[in-house]
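Take a look at the structure below.
The values are calculated or read from the model by the stated rules, or taken from the named source; none is laboratory data. All values derive from a computational prediction rather than experimental measurement. We place every Cβ from the backbone using ideal geometry, glycine too, and count neighbours over all the protein chains shown.
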Amino acid sequence: MPADDPVRELALAALDADAQARRLLEPGAASRIAFSVLYRYAVDPGFELGRADARKLAADPAAQADLDRLLRDNAFAYMPRQAAAASGSVERRETDVAILTLTPSKADPGQIYLGVELLDSGAIPPRQLFARTDGGPWLRVVLPAFSGTRAQLLLAADSDIATALADPKTEVCLR
Amino acid sequence: MSGMTVHILTTEGPVAIQRITEEDNAVQSVICLDGLTQILPISPHYEAFVRRPAGVIERMTGHGAYRMDVSARIDEGRSWQLAAFLAHAARQQGGGQDVTVFATGEVDRDLAVRRVEHVEQKLQALTRHLAEFGVAPERAVIMVPEGSGTVPEQIAGIPVCAVADIGAALALAELAPLASAPAKDPREEKIDAPRRRNVPFTLLIGAALIAAALFWVSGDFARWSALMQQGRLLELEQDLARAETDGFGQLRAGAYLKWLGLSASDAPAPALQGALYTAADAAQCTEPSAQVKRPLHPVYKDADSICRVEVRAIGDAATVHIGRLAYWPTGLGNADRPSRVMRGSQETSGRTWVLAFDEKPQPGAALRLVVISGAVDINGPQPWYQDLLSAPLSGPAFDAAKARLQRFGFTVTALDWRRE
């Protein structure tokens, strides 16, 4: 489905309108993040979540559950948190379709390489990586263009996303 | 780098190569902006320029992954290659002399310097840069590819030199020639040749041939060993197959495989332990307390519903065990592909596959577990799984797939299960 599919746009607008109407009928109800915003955040690498929407999302478990479903549905790959017995930091995660690796940079110990390798050379590559630790908020990183089956990013080793990816309690979605 | 300073000529002005650092061979070579985490989009070209078999840098240095930091963005093209090669050569030679180099040109795999576009604009941008910042002209050189059209003899007192190959570029940068680089000045050969006629000619030729053969063989061995260490088995297999297309290549590939067989013994097979979790009917599979754990035998004849299966591969700590568990609801190999293929979870004592059946096994359903044991994890595409997971264990297709892995010292262990 193309990104600007008019039927989908209409459906998203209808969902937003329905949510807005319900809020109007419930005086005093907290303002919620629009579903269309969540949807764009999940599927569009160019879309940034504004501060106000980020606050609404953080305060709204139902919206977080919506985002959770959006990310998992039709995900390119979903990598669950690792077994309880796993300890130490994670350097490699793999599924049947993709492998993620973390390799510290020798050039700069404060930086770390995140490698994404697709196992099917014919697959349409994912464009975003989402990670969430222990049920916390989803973090997002936009993936660069793949060269063949591989893409590589350089992250600050102490960044939120690098810390999360090294944590066995983190689940990861490629979309 | 201390000593030589190298700049890439661009239409926006010279871009300094600030630093080149070796990286772990598992990562791809990258060009980064000014020490930041920003990887420039031309990095895949740099990776190809560095890594063998096509890359020329690994051929020179023996290492296949680098990070190069530059002072400004370079967004496209390959004209950075001449400057990058010189910077790598200077690093290899301990930093080089105190020379400032401005260079543009593409370097091919024979180390010839190829022409690039926009040389005139790049030199104009350099002129503006030098007018503002200046460089001591007596210790600087500007290099452009031979045949770049009309170029000035000098800019701000710095000579502009046309180069045809890396040998000439290294000489201009006051760097030592490469062992396999073209001679930097053909006149030297003419002068030297008559003197050497006094040495027994056949002895020299023999020594040269032995040296060349050793260089030739060791280069392939190093590449194949690196692929093996990185677990890039399919690439290794393809590389060996390419080598085997000619007589000498066949010898080299055969020698490598012999060496591999001698240097590493076959990996020990793991012990496989499995269990089935069954319940009186499928609905009770959601209740752990209603499930019964049974040992996994090759054939299941009971009427109870099968909720899930767990299999562990237990081996010694020095061996890497990888594998796949395939679920065939209508029987082994009776569909285009298995309905589920699982990689298993990695644990310190081995690997475990846990499959909770969404589609409960009916009579005829089958599982095939294949464990590949070896010294390294296997990376990249693994086409042998297609036959290993679907072909009968005693059939030629399974044996052929198994033989592909055994050739490289891997041991294949398989387990079949079915519901009668």
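Pairs linking a residue in the range B:30-50 that is at the interface with chain A (Cβ under 9 Å from one of its Cβ atoms) to a residue that is modelled with pLDDT of 90 or more and assigned to a helix (DSSP H, G or I), with Cβ atoms under 6 Å and 6 or more positions apart or on different chains, are B:Val30/B:Ser43.
Test B:Arg404 against the stated conditions and say whether it is of a type in the set (D, E, K, R) and under 19 Å from B:Leu236 (Cβ atoms). Answer is yes for this residue.
Being part of a loop (DSSP other than H, G, I, E, B) and without any contact (Cβ under 8 Å) to a residue 60 or more places away in the chain is the filter here; which residues of the range A:132-141 pass it? Can you show your working first?
Going residue by residue through the range A:132-141, those that are part of a loop (DSSP other than H, G, I, E, B) are A:134-138.
Result: A:Asp134, A:Gly135, A:Gly136.
Condition check ((1) surrounded by fewer than 17 Cβ atoms within 10 Å (Cβ to Cβ); (2) among the basic types (Lys, Arg); (3) modelled with pLDDT under 65) across all residues:
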position: B:Phe133; (1), (2), (3): yes, no, no
position: B:Pro152; (1), (2), (3): yes, no, no
position: B:Glu174; (1), (2), (3): no, no, no
position: B:Ala181; (1), (2), (3): no, no, yes
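If you check B:Tyr385 against the conditions, is it at pLDDT 90 or above and touching a Leu at 6+ places or on another chain (Cβ under 7 Å)? No. Selection of first residues in the range B:221-235 that are outside any helix (DSSP H, G or I) and of second residues that are of a type in the set (A, V, I, L, M, F, W, C), restricted to Cβ pairs under 6 Å at least 6 apart or on distinct chains, gives the following pairs, ordered by first then second residue: B:Gly231/B:Val376; B:Gly231/B:Ile378.
Considered as a group, the residues in the range B:18-29 that are in a strand (DSSP E or B) and within 20 Å of A:Pro104 (Cβ to Cβ) include one that is nearest to the other protein chains (Cβ to nearest Cβ), and that residue is B:Thr21.
Residues that are more than 21 Å from B:Arg340 (Cβ to Cβ) and touching a residue at least 60 places away in the same chain (Cβ under 8 Å) within the range B:377-412 comprise B:Asp377, B:Asn379, B:Gly380, B:Arg404, B:Leu405, B:Gln406, B:Arg407, B:Phe408, B:Gly409, B:Phe410, B:Thr411, listed in sequence order.
Within the range A:142-173, the set of residues being in a strand (DSSP E or B), at pLDDT 90 or above and touching a Ser or Thr at 6+ places or on another chain (Cβ under 9 Å) comprises A:Gln152, A:Leu153, A:Leu154, A:Leu155, A:Ala156, A:Thr170, A:Glu171. Considered as a group, the residues in the range A:47-67 that are in contact (Cβ under 8 Å) with a residue 12 or more places away in the chain and under 15 Å from the mean Cα position of the chain (by Cα) include one that is surrounded by the fewest Cβ atoms within 10 Å (Cβ to Cβ), and that residue is A:Ala58.
Every residue, every condition in (1) within 14 Å of another protein chain (Cβ to nearest Cβ); (2) at pLDDT 70 or above; (3) within 30 Å of A:Tyr113 (Cα to Cα), yes or no:
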residue	(1), (2), (3)
A:Met1	no, no, no
A:Pro27	no, no, no
A:Ile33	no, yes, no
A:Leu71	no, yes, yes
A:Ala77	yes, yes, yes
A:Pro80	yes, yes, yes
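Restricting B:Ser71, B:Ser79 to residues that are at negative phi, more than 15 Å from the chain's Cα centre (by Cα), surrounded by 20 or more Cβ atoms within 10 Å (Cβ to Cβ) and away from chain A (no Cβ under 14 Å) narrows the list to B:Ser79. Take B:Tyr300 and tell me if it is hydroxyl-bearing (Ser, Thr, Tyr), surrounded by 18 or more Cβ atoms within 10 Å (Cβ to Cβ) and more than 26 Å from B:Gly364 (Cα to Cα). No; evaluated as a whole, the condition is false for this residue.
Does B:Arg109 qualify as being surrounded by fewer than 20 Cβ atoms within 10 Å (Cβ to Cβ) and either under 18 Å from B:Met4 (Cβ atoms) or free of Cβ contacts under 8 Å to residues at least 60 places away in the same chain (or both)? Yes: the conditions hold for B:Arg109.
For B:Gly55, the stated conditions hold: it is without any contact (Cβ under 8 Å) to a residue 24 or more places away in the chain and closer than 23 Å to B:Arg114 by Cα. I'd like to verify a number: residues in the range A:108-120 that are at the interface with another protein chain (Cβ under 9 Å from one of its Cβ atoms) and within 16 Å of A:Thr95 (Cβ to Cβ), how many? Looking only at that region, the number is 4. Of all residues in the range B:43-86, how many are closer than 15 Å to B:Thr10 by Cβ and among the charged types (D, E, K, R)? Count: 4.
May I ask you to verify whether A:Arg127 is charged (D, E, K, R), closer than 24 Å to B:Thr352 by Cβ and touching a residue at least 60 places away in the same chain (Cβ under 8 Å)? So A:Arg127 fails the test. Taken as a whole, the structure leaves B:Glu132 outside the set of residues that are touching a Pro at 6+ places or on another chain (Cβ under 8 Å) and free of Cβ contacts under 8 Å to residues at least 12 places away in the same chain. Here is a check on your reading of the model: is A:Ile124 more than 14 Å from every other protein chain (Cβ to nearest Cβ), surrounded by 17 or more Cβ atoms within 10 Å (Cβ to Cβ), over 14 Å from the mean Cα position of the chain (by Cα) and part of a loop (DSSP other than H, G, I, E, B)? Judged against the criteria, A:Ile124 is not a match.
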